[in-house]
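Contents: one structure, followed by commentary.
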Ligand code: FE
Ligand code: FE
């Protein structure tokens, strides 16, 4: 009943084409991440066990992601999406658009994507976090509308990693990088690759996905730490495993503390916690309006 009410809030007067997409692979990846990182007491070796025991769906996801996320691919996508000429949408229309993604893997339990947004944001709000951080929680996954622009799932979700330099061992399913053409590029396989030591992540090309895309869309409207969180929230090798510090500068080290804080809310708020959506709506409407104009470029 709650969910039906919730949908009714998001079904706005929108004339966009309405698709019913399969969302099952994205959900499977998120479940995997949940299992891998929520078990914080686990040793690194156990993470490899998680990989060995992962479903075929998750393995196949990572196989494709690690095979096709090349320097060339990333540069091409940055050029294509960096122009922000795909659509003009309000934040609320983007939520609605995203909610057309249906998780077919679990029809009884499928929640709209925006439910995770609201749970993350409410968890931050309950802890008295600043308004900009609550907003960050609310919008952080909106970049997944890349799926609706026809991007394959391996180019939308998944943990992100730098391209153009050696792949750190901490990146999940590291062995699948053997099939990446960049693996044959000697320069790309050195520690620093095409980058300078300590150059700062802003000068590093990350694998393409919903983080980088939403960063482009939202960065001009948000405080710097909010934009940073959005850009690197899937960079698990760095924020959860401490890898790639040799590419970071002092700014990154300062900002990663925000990403780590945020990640707790992103991962741990996925529960069946009941939310009174109708009661919450005015708060989020005001919060979004505080930072964003009615319509933005996507
Ligand atoms: Fe995300
Ligand atoms: Fe999330």
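The values are calculated or read from the model by the stated rules, or taken from the named source; none is laboratory data. Quantities reported herein were computed from a predicted structural model and do not represent experimental measurements. Glycine gets a Cβ as well: all are built from the backbone with ideal geometry, and neighbour counts include every protein chain shown.
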Practice task
For residue 183, indicate whether it is more than 16 Å from ligand 1 (Cβ to nearest atom) and in a helix (DSSP H, G or I).
Solution key: yes
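Quick check, is residue 267 surrounded by fewer than 19 Cβ atoms within 10 Å (Cβ to Cβ), within 13 Å of ligand 1 (Cβ to nearest atom) and within 14 Å of the chain's Cα centre (by Cα)? Spell out how you get there, then give the answer.
Numbers: surrounded by fewer than 19 Cβ atoms within 10 Å (Cβ to Cβ): yes; within 13 Å of ligand 1 (Cβ to nearest atom): yes; within 14 Å of the chain's Cα centre (by Cα): yes.
Against the criterion (surrounded by fewer than 19 Cβ atoms within 10 Å (Cβ to Cβ), within 13 Å of ligand 1 (Cβ to nearest atom) and within 14 Å of the chain's Cα centre (by Cα)), residue 267 qualifies.
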Fill in the blank from the handout: Exception for residue 157 within (1) surrounded by 18 or more Cβ atoms within 10 Å (Cβ to Cβ); (2) at pLDDT 95 or above falls at (2)
Practice task
Given the conditions (1) under 26 Å from residue 173 (Cβ atoms); (2) in contact with a strand residue (DSSP E or B) (Cβ under 9 Å, 6 or more places away or on another chain); (3) modelled with pLDDT under 90, report the number of the one that residue 100 does not fulfil.
Solution key: (1)
Practice task
Considering each residue of region 129-180, count those that are away from ligand 2 (no atom under 14 Å from the Cβ) and not in a helix (DSSP H, G or I), and give that number.
Solution key: 19
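If you check residue 257 against the conditions, is it over 18 Å from the mean Cα position of the chain (by Cα) and away from ligand 1 (no atom under 16 Å from the Cβ)?
no
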